[in-house]
Amino acid sequence: MDLSGKTALVTGAGQGIGKGCALELARAGADLVINDRPGSDVLENTADEIRETGRSCTAIEADVFSRAGCEGLLKQAVEVAGRIDILVSNPAFSRREAFLEYDPEVFEQTIAGTLTSGFNMSQLVARQMVAQGGGGKIVFMSSVQAGLPTALCGPYSAAKAGLNQLMMSIAVELTPHLINVNAIEPGWIDTPGEHRTFSDEDIEAEGRKLPWGRLGLPEDIGKAAVFLCSDSADYITGSILPVDGCFRFKQGCLDQLIPLRDAE
């Protein structure tokens, strides 16, 4: 899947899923503008890795949790690249906490960082795509938790469910401009954030219990993003693509298939 001649903007690209998407887009031929929060100590390292693929990359620190931050990021991105053909919108904020004790301010921050930021960045980039012409690709990073009630994650799940509905509405409105709008739902992905929550031993042990025998990797998500941003997906819009190694249906897999796999 060849993305040569395209410029992609990826938010939250310093590490984890955002980094995986940026690297895979670069490997497919796209030039990159990548973003992470102000003061990020990993963003420039990611930019260097992208440049090693032979593609150009500009790293821009900006707070995409705010409208002003999104506006500033887009302005700088267009100044550098001239146009934006692809947006991978990957902002999110999550704190695990019981509903009865959940801090209302953290709830508001979760909605702002996961749903509102997705609206702001996509609206601004879509306006740019319409103005420059030639269509475009927008991919939102959602989560399987949008449809799976999960203890301690109510606000995050609600924000991702709202993001899915927002994506579908945007897709409908942007069809006259031939801008494809889709979402990816990662399952349990092996990211630095997970290692801050769980030990390496716990992640390895729990990964073995999953249907695919491991946690997903950022590049698994990146490869799905490349597909949705390529010409191969030109007739796909308003869709939600789970990339989860059957995580959503793990109980049925565990009951019926894991013993067969382990016997092989």
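The values are calculated or read from the model by the stated rules, or taken from the named source; none is laboratory data. Because the structure is a prediction, the values reported are computed rather than measured. We place every Cβ from the backbone using ideal geometry, glycine too, and count neighbours over all the protein chains shown.
Miscellaneous remarks
- Within the stretch 46-71, residues that are closer than 22 Å to GLY118 by Cβ have Cβ atoms under 7 Å from residues that are of a type in the set (Lys, Arg) in these pairs: THR46/LYS19; GLU61/ARG37; ASP63/ARG37, counting only partners at least 6 apart in sequence or on another chain.
- If you check ALA92, ALA62, ALA98 for being modelled with pLDDT under 95 and either surrounded by 15 or more Cβ atoms within 10 Å (Cβ to Cβ) or among the acidic types (Asp, Glu) (or both), only one passes: ALA92.
- Pair list, Cβ < 6 Å and 6+ apart or interchain, from the stretch 91-104 residues that are closer than 19 Å to GLY14 by Cα to residues that are in a loop (DSSP other than H, G, I, E, B): PRO91/THR11; PRO91/GLY12; PRO91/VAL64
- Qualifying residue in the stretch 138-150 (condition: within 26 Å of PHE247 (Cβ to Cβ), in a helix (DSSP H, G or I) and of a type in the set (Ser, Thr, Tyr)): no
- Among the residues making up the stretch 1-30, those that are hydroxyl-bearing (Ser, Thr, Tyr) and touching a residue at least 40 places away in the same chain (Cβ under 8 Å) are THR7, THR11.
- Scanning the stretch 1-46 for residues that are in contact with a Lys or Arg (Cβ under 7 Å, 6 or more places away or on another chain), crowded, with 23+ Cβ neighbours inside 10 Å and farther than 14 Å from MET141 by Cβ yields a total of 4.
- Number of positions in the stretch 1-29 that are within 18 Å of ILE184 (Cα to Cα) and of a type in the set (D, E, K, R): 2
- The listed residue being touching an Asp or Glu at 6+ places or on another chain (Cβ under 8 Å), more than 18 Å from THR116 (Cβ to Cβ) and of a type in the set (Asp, Glu), out of GLU185, GLU201, GLU194: GLU185
- Helices (runs of 4 or more DSSP H) contained in the stretch 197-264 and holding at least 1 residues of a type in the set (A, V, I, L, M) and modelled with pLDDT of 80 or more: 200-209, 218-228
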